[in-house]
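Q: The structure's right below; bear with me while I get my questions together.
No lab work stands behind these numbers, since they all come straight from the coordinates. Here the structure is a predicted model, which is why all the values come from computation and not from measurement. Every residue, glycine as well, gets a Cβ built from its backbone with ideal geometry; the counts of neighbours run over all protein chains shown.
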Amino acid sequence: MSSLSIGYAPGTLAIWFALLSGAATCLVYYRALGLAPAGGAEPSAGYAEAIGFGRRLYAAFALSIVLASVLLMKALLSHDFRLSYVTSYSGRDLPTSFLLSTFWAGQEGSFLLWVFFGALIGFAVYLSAREQEAPVMIVYVLSFLGIVAILAKQPPFRFLAELPADGQGLNPLLQDYWMVIHPPVMFAGFASLSVPFAFALAALWQRRWDGWVVRAMPWALFTLVTLGTAILMGGYWAYKTLGWGGYWAWDPVENTSLVPWLATVALVHGMFLQKTREKHRKINLILAIVAYCCILYGTFLTRSGVLADFSVHSFVDLGITGWLVAIIVGALAIGFGMLAWRWREIPVDPDAAADAEEPFLSRSVLFILAVTLLSASAVVILLGTSSPLITRVTGKPAQVATSFYNITHTPLAAVMALLLAFVPFVSWKGETWGSIGKKAATSSAIGLLAGVVALLAGIRSAKDVMILTFCGAGLAANLETTILFVRRKAIRTMGGYLSHVGVAIMLAGILVSGVYERKEQVTLPKDTPVMVGRHEMTFRRTVLVNDDGVVKLPGELDPAQLADIRAKQAMEVEVKSPGGKVWKAYPKMYVNQRTNQMMANPDVQSTPLLDIYVSPQSYDPGQPAKSEGTVLHLKKGETKLAEGTLVKFLSFDVDMSQMDAGAKVVAVTANFEVGPAGAARPVSPKLIVRLGGGGDQVAEPAPVPGSKASLRMRKASASEGIAEVEVLGLSAAGDTKPATPETFSVDVTTKPLISLVWAGFYILTAGGILAMVRRARDAHRSALV
Amino acid sequence: MKKGYWAGAVLLLGFLALGLTTFSRSMTPYVGFDEARKAGRTVQVMGGLEKSSTHYDQATKTLHFTLVDPKTKAILPVAYSDVKPANFEDAVSIVAIGKWQGEELRAEKLLVKCPSKYQGQETEKAYGGGAKS
């Protein structure tokens, strides 16, 4: 097997080649920068040539990353267990879709996936950067080189010394279709965070204070959409199949993707403000730099092992902590160093006189407040997530309770919802309270109506009623405006309002489903209806559910189908709603064959008003009634107590002379003494074992003279001299144990209006996409210098 | 316009103040088993699951189990009434966040660390190598 460990895998070579060509790309673009035409002049032939060379080198960089990714995927799909990574995360028992997902099941693969998306996005970046191509591409490529260096140090192409027959398989928790789709979207979002960062640094470098915003804004919206989608997918996965009881747990891994998203949402608002008013430049530069640094910091938190004791899914240290720290420090130093360097040059207010006249109740102010609130949310979450690190400095590491996030975000949500309700009615020119009041009359009335509905629905917390009122008004105000835009056939420009409609709906859903969920633990005996809240639940039977979701009985499984081979045990529970509708829930409870882990997946019935969430807790197959005495294990000469009576095992007599219907029969007679020393009586129960025929055995109990008790042999090991004997009739209560029923214990959670979270998110995303298309078009049309 | 900045600043300061006060109040320190018994507040403890100590009480709907300190072998009984985390039984170690109440730690939250997290390194231990590419 020595041949296996010789030489470098082509994938590793591709990564090294990417590292070199990436560095060369930066150098060539730097050369182009020196040849760049000054303000509006025709580009020189030298510049065009240098840019062309830079692009070809970038293609070499990107294609080597793509090649490395293809090689890893090929190794995974072809079960090339020579590779440590393939053996560690995949196995022959996985269907193709799950094999695809093993690519990003480990740290190295997920880093590669991140860079893979970065490489692809880069082609669009240099096309969209136009006049800013050279400086943007230098920063953009640099922002990935650190991770490529980690991959070169720790490539996923390491060989094993021996060739295993099969891999270790994929963690059963990750064997889910969401695992196939969620990480790629997440890493596409991560990778896209490099784009605003690159534009911001290029802006500082080249003093392009406003041009960068035009070019980078569609990219910030791209991040908003992809990262947002990925975050929500993760939440949905946690909710629907992982059985974590909810879609959000404020876990560090979740938080570290939420913080850059919030920073990006703030950035989008800030960019809009800068584009329209030509000021607030500093805040956008800071936000773009911070958003990228946050994703690096989050990667450090979750992959260095520093949070290993604080997170459900943080990785262990791969020996790259130092590298990650170096990359973060580098990014912060370059980012904030350049900010400091240019700080005094950044034009603050081109038109100070006009600014002084800007009234308080203007759209600018609302935008500033939005940026402030979103940043405050990001800072607070970052603070909470970093708590183990912060407290480590002063003593023992500690983590904040999740209530920290809920307490701090309740007022944030309230103010956000209130701002949403105002935004459509406040113009740039400014308003008076009276003019806003007039315009917002309808939406305020709808908000109040929402508050009344909340009261009628039984919500008694003043705080919750208030937030729901604001959400109602925010929804109505933005919906009103969206409809107006549709009527005016200005669909392309209504993205912002549409997003706000989604946000108002989401906030209401998050609040109601979180605060008003009801959890109950119940034990369901087989075929016996149990009332859970207003629903009647009946556990019917255990069944098997295959990978395609088809319910089968054990005999119906097709051993030729992988989906059937992978079928999992589930419990069929009938849920009858108060309206009489019956739904069959199939919460799964099964043992993963490979790891022997007990796995549980919930089942959810979703209706627009209420989700019923059935999560398995335990299953007891039940036992028929049986007669059972006290069982003793005795060695020769040993004495033990059974219900206060001494039992001593003396010896075996083995008789092999008998035959029964042609089969050899061994009759074992075990000799015991029962009773107190001196008054002990001999008792000799028998065990007759038929050899050959599957080892059937028949016990012949023997009564204990002078009592109601008897002894029955259960097992005999003549060679070791050990007898397993059951003492019957000693207990006053009798030996008969009543039958225990087959029962299934479940946690039943009802979550009202959780559908609003998903619905709101779809609308938010649709608005984000509309805005992205519009801003991309704007950027394409504008010729900047 | 200046008023706008002031409004923003006031809001920001308000939230940061709220954040910081809540921060120190909702902190759950990591402690040893002895300290957890005395702390009188919500703490975090970590330990291995003692084999066959798990017991589900149908009547109170509570999961009882015992954690063992991997170093000192000290034990700590824990009670937990929420949804049992997946692959609880296979945990390499369990983090319990909760408060000591008389005879057991009443956990609000459990974090379960599974052996699969260590997969990569185990493979190379088992089959040798990680031989440079």
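Q: Identify all aspartates and glutamates with a Cα-Cα distance to A:Lys275 below 12 Å; exclude those on the same chain that are fewer than 8 residues away in sequence.
A: A:Asp210, A:Asp778
Q: Need the full-extension length gain, A:Ser719 to A:Glu520, defined as separation in residues times 0.36 nm minus the C-alpha distance. One decimal, nm.
A: Working it through step by step, the gained length comes to 66.2 nm.
Q: Could you line up A:Thr226, A:Thr96 from fewest to most neighbouring Cβ atoms inside 10 Å?
A: In order of increasing Cβ crowding within 10 Å: A:Thr96, A:Thr226.
Q: Taking the 0 to 90 degree range and rounding to the nearest ten, how far is the long axis of helix A:252-277 tilted relative to the main principal axis of chain A, both from C-alpha atoms?
A: Helix A:252-277 sits at roughly 20 degrees to that axis.
Q: Could you state the principal axis extents of the C-alpha atoms in the stretch B:31-121, from the largest down, to the nearest angstrom?
A: 41, 31, 20
Q: Per-residue ellipticity at 222 nm for the protein assembly as shown, helices alone: DSSP H runs ≥ 4 residues times -39500 (n - 2.57), over residue total, nearest 500 deg cm²/dmol?
A: -16000 deg cm²/dmol
Q: Can you give me the distance in nm between label points at B:Thr54 and A:Ala326, each placed 7 Å from the Cα along the Cα-to-Cβ direction?
A: The modelled label-to-label distance comes out at 4.3 nm.
Q: What is the Å³ per residue value for the convex hull set by the Cα atoms of the stretch B:1-72?
A: Per residue, the Cα convex hull of the stretch B:1-72 comes to 159 Å³.
Q: To continue, here is another question. Measure nothing fancy, just the Cα-based angle from helix A:281-303's long axis to the longest principal axis of chain A, in degrees from 0 to 90, nearest 10.
A: Orientation of helix A:281-303: about 20 degrees from the principal axis.
Q: By how many nm would the segment from A:Leu650 to A:Asp548 lengthen if fully extended, with 0.36 nm per residue of separation less the alpha-carbon distance?
A: Here the segment from A:Leu650 to A:Asp548 would lengthen by 30.7 nm.
Q: Determine one quarter of the surface area of the Cα convex hull of the stretch A:630-736, which equals its mean projected area, and express it in nm² to one decimal.
A: The orientation-averaged projected area of the Cα hull of the stretch A:630-736 comes to 7.3 nm².
Q: What do you get for trypsin sites (Lys or Arg not before Pro) in the stretch A:420-467 restricted to DSSP loop and a cutoff of at most 13 other Cβ within 10 Å of the site's Cβ?
A: Loop-located and lightly packed - A:Lys429, A:Arg460.
Q: On a 21 Å Cα-Cα criterion, which of the cross-link pairs A:Lys635/A:Lys708; A:Lys581/B:Lys84; A:Lys153/A:Lys396; B:Lys51/B:Lys71; A:Lys584/B:Lys113; A:Lys74/A:Lys588 come out too long?
A: A:Lys635/A:Lys708; A:Lys581/B:Lys84; A:Lys153/A:Lys396; A:Lys584/B:Lys113; A:Lys74/A:Lys588
Q: In the stretch A:1-170, if every C-alpha pair distance is counted and binned at 5 Å from zero, what percent goes to each bin?
A: 1, 9, 17, 17, 14, 11, 9, 7, 5, 4, 2, 1, 0, 0
Q: Further, regarding this structure: Given R₀ = 51 Å, what would the calculated FRET efficiency be for A:Arg566 paired with A:Ala445, taking r from the Cβ atoms and rounding to 0.05?
A: Computed FRET efficiency for A:Arg566 and A:Ala445 comes out at 0.40.
Q: Right, something else. Hey, if you put +1 on the Cβ of every Lys and Arg and -1 on every Asp and Glu Cβ in the stretch A:354-433, which of A:Leu373, A:Leu383, A:Thr410 ends up farthest toward the positive end of that dipole?
A: Selected residue: A:Leu383.
Q: May I ask you to work out the translational diffusion coefficient for the stretch A:176-352 at 25 °C, viscosity 0.890 mPa s, via Stokes-Einstein with Rh from the Kirkwood sum over Cα pairs, reported in whole µm²/s?
A: Result for D is 143 µm²/s.
Q: For the stretch A:1-170, calculate the relative contact order in percent as a whole number, restricting contacts to Cα pairs under 8 Å that are 6 or more residues apart.
A: 37 percent
Q: Cut-off is 10 Å between beta-carbons; in what order do A:Thr87, A:Thr630 appear when sorted fewest neighbours first?
A: With the fewest neighbours first, A:Thr87, A:Thr630 line up as A:Thr630, A:Thr87.
Q: So for A:Trp583, A:Trp261, fewest C-beta neighbours within 10 Å to most, what's the order?
A: Ascending number of Cβ neighbours within 10 Å: A:Trp583, A:Trp261.
Q: Would you mind computing, in nm to one decimal, how far apart the modelled labels at A:Ala759 and A:His633 are, each placed 7 Å from Cα along Cα→Cβ?
A: That separation, rounded to one decimal, is 6.1 nm.
Q: Here's a follow-up. Obtain the radius of gyration and the Kirkwood radius of the protein assembly as shown from its C-alpha atoms and give Rg over Rh.
A: Rg/Rh for the protein assembly as shown comes to 1.06.
Q: Another question about this same structure. Between A:Ala457 and B:Ser81, what FRET efficiency comes out of the Förster formula 1/(1 + (r/R0)^6) with R0 = 30 Å and r the beta carbon distance, rounded to 0.05?
A: 0.60
Q: Related question: Note down the nm distance, to one decimal, between modelled labels 7 Å out along Cα→Cβ at A:Gln697 and at A:Arg130.
A: Rounded to a tenth, the inter-label distance reads 8.8 nm.
Q: Now for a different question. Within 10 Å of each candidate Cβ there may be at most 10 other Cβ atoms; applying that plus a DSSP loop requirement, which GluC sites (Glu not before Pro) in the stretch A:700-785 survive?
A: A:Glu720
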